[in-house]
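Reading through the structure tokens given below for one structure.
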Amino acid sequence: MLSQFFIVSSRGDVLIYKDFRGDGLPNAAELFLERLKQGKGAELAPAEELEGVYFMHVKRNGLYFVCTSRSDLSPFATFELLSRVSSLVKDYCGVLTDEGIRRNFALVYELLDEIIDYGYVQTTSTKSLKPYIHNEAEVVKADHLADVGFLTFGPGLFGTEFRFAPSHAAEKPIPVTPSSQGSSRNEVYVDVIERMTVIMAANGSLIRSEVNGSLQMKTFVIGSPELKLGLSEDLVIGKTSEIGYGTAVRLDQAQFHPSVDLADFEHKRALTIHPSEGECTIMRYSITGELPSRLPFQVSAVTTELEEKQCLEVQLEVQCDLPSSNHAVDVDVHLPVPKATTDVIASTSAAGQSAKYKPQEKIFTWTINKFHGASKLKTRIRIQLSQFHRATVRELGPVSFQFEIKNYVSSHLEVKYMKLFDRQHSYVPFRWVRYVTLSDSYTIRLR
């Protein structure tokens, strides 16, 4: 049983606090904040014991969902509960942000009252909770606009033309009152999201490569329709599976949500789903070893040692190997510098770029707002040192990347069609699909 639950922002603000049993520590939130400060930015252990009380947390979108208990709970069940609570908050508030929770704190407390009673879990189903939720969410408008982040309504998929919606179109709460239900559109959003992990040697050889992907669905529909989701017809699952002539989409392994009917998957590569309102991950998959596509970024670095000036000059060149029709956004190139560094000066080769040196962390960051495929960018970095040694140059690197690529997944997995069948209601829903690749850990060694 749970004693307390609270949500903490990345800035250290306690947004939500709920004491279920009165047997927890009065200063539980302050203890957790102190542990965050002691970590100095490092990730905390998901489960810890402090002053005889178990603290367990998950981090979602920069927010910490924390619970405490004096009982010996199952850690995995508790982490699943916290993850589910974060999903419910997102479903009913529309977005999972600091501002979204602040503006809808009454709604979040109402959710917690229905989810957990005296420390015992009652339900975590979006559909089951809906009749008991009466507070309507205040919509928080996203800051990012439809620049490159959009959901595409493709040709031959659900129509004969391209339609676009901003990336924040799905960031809205599910309707809970009759008036909001009547004014809302019937929509289905599907995200194909892949997170890439890469370690590359200085000579360009691949040490490790891995892609973890998921199909996430968010629905705003009335009733309980049946949805058929068609994937790539040439999809092959398993490393030992044989592939015939032509290019096939190969996944090493795949896991499906228990509610997904796989009767048509073997022959038609179609998933049958009975979606309820809210967000759900209907499929997870992974690829390890050699990836189907070229890696998005390559790095070459030339280092010049100027011993008499006590400095290093580094010419860093990054090549984007995406197709020319694609581009990456919000690309951060991180370069750790030697401990003896006193200052870093950089010059970039084009507009839309910036450079920043963090002296406390000894990391230089080169930010590229928009990096087009099949192109190269350069920067020249001058690293001033307090003292120069031959071993200093060994402290340089490795280079790591953070990036986001829209309308691109390295597995080539595609959603071919979405069909809804509902005998009780007659409507044609709006259906959208989006493809996104994110960096999980993308590292290139310099030596």
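For the reader, a short list of remarks on this structure follows.
- The number of residues in the range 246-263 being farther than 27 Å from THR126 by Cα and either in contact with a strand residue (DSSP E or B) (Cβ under 7 Å, 6 or more places away or on another chain) or at pLDDT 95 or above (or both) comes to 6.
- Within this structure, ALA248 fails the test of being surrounded by 15 or more Cβ atoms within 10 Å (Cβ to Cβ) and in the same structural domain as PHE371 (by TED's automatic domain parsing).
- In summary, GLN298 fulfils each of the numbered conditions (1) part of a strand (DSSP E or B); (2) surrounded by 18 or more Cβ atoms within 10 Å (Cβ to Cβ) with the single exception of condition (2).
- Extreme residue, farthest from the chain's Cα centre (by Cα), among residues of the range 365-387 that are under 26 Å from THR348 (Cβ atoms) and part of a loop (DSSP other than H, G, I, E, B): SER386
- Restricting attention to the range 231-245, the residues that are surrounded by fewer than 18 Cβ atoms within 10 Å (Cβ to Cβ) and modelled with pLDDT of 80 or more add up to 6.
- Condition check for THR97: under 26 Å from GLU49 (Cα atoms) and touching a strand residue (DSSP E or B) at 6+ places or on another chain (Cβ under 9 Å): no
- Counted as qualifying within the range 23-127 are the helices (runs of 4 or more DSSP H) with 2 or more residues that are of a type outside the set (Phe, Trp, Tyr) and under 28 Å from CYS280 (Cα atoms), namely 75-93, 98-103, 105-115.
- Among the residues of the range 251-288, those that are among the polar types (S, T, N, Q) and touching a residue at least 40 places away in the same chain (Cβ under 8 Å) comprise THR272, SER276, THR281, SER286, THR288.
- Look at (1) outside any loop (DSSP other than H, G, I, E, B); (2) within 20 Å of VAL318 (Cα to Cα); (3) touching an Asp or Glu at 6+ places or on another chain (Cβ under 8 Å) and you find that SER441 fails only one, number (3).
The values are calculated or read from the model by the stated rules, or taken from the named source; none is laboratory data. Only a predicted model underlies this, so the values are computations on that prediction, with no experimental measurement involved. Cβ coordinates were reconstructed from backbone atoms using ideal geometry, including for glycine residues, and neighbour counts include every protein chain displayed.
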